[in-house]
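The values are calculated or read from the model by the stated rules, or taken from the named source; none is laboratory data. A quick note: this is a predicted structure, and the numbers were derived from the prediction, not measured. These accessible areas exclude ligands, DNA and RNA; they are computed on the full protein's heavy atoms, side chains included. Shrake-Rupley method; radii C 1.70, N 1.55, O 1.52, S 1.80 Å.
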Amino acid sequence: MDEQELLDMFIQERIDMLLTKLSKMRHKKSAEEQKRILQTEYFINSLPDKNRELIQEYIERFSDCLATEEPYLYQRGFMDGVRVLNLLGKL
């Protein structure tokens with residue numbers, strides 16, 4: 001495992017830890033939110049197969065895009081933090 005792979009693994013684990021913590025802190029979905037989710041699922045499932053597959057593919061691509069961006073942003077934020085510490089150390 002090279003340095004980049006190790007860093008990627010570290011970042012992904014940290015993101016997972018933070019998301020787990022965030023999900024525990026979030027409020028429970030209200031009855032209205034649950035109702036809207038069920039309505040949306042019913043709507044999507046009632047679409048013709050071609051349209052339903054298109055919607056599901058779009059949702060998957062959107063999720064994949066977010067999953068790709070989060071580690072990149074976290075890594076850049078981490079590197080920014082290291083740069084700030086280095087600058088403060090030089091003062």
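What are the lysines whose alpha-carbon lies under 25 Å from the alpha-carbon of LYS29, with same-chain residues fewer than 8 places away excluded?
Here the lysines satisfying the reach criterion relative to LYS29 are LYS21.
With every protein chain left in place, what is the accessible area per residue of the chain in square angstrom, probe 1.4 Å?
93 Å²
For the chain, what ratio Rg/Rh do Cα atoms give with a Kirkwood hydrodynamic radius?
Numbers: Rg = 19.7 Å, Rh = 16.9 Å.
Rg divided by Rh gives 1.17.
Helix 49-90 versus the longest principal axis of the chain: what angle, 0 to 90°, nearest 10, using Cα atoms?
Long axis of 49-90 versus the principal axis of the chain: about 20 degrees.
Calculate how large, on average over all directions, the projected area of the Cα convex hull of region 1-54 is; give the answer in nm² to one decimal.
Quarter of the Cα hull surface area: 6.4 nm².
Which angle from 0 to 90°, rounded to the nearest 10, does the C-alpha axis of helix 31-46 make with the longest principal axis of the chain?
The answer is roughly 70 degrees.
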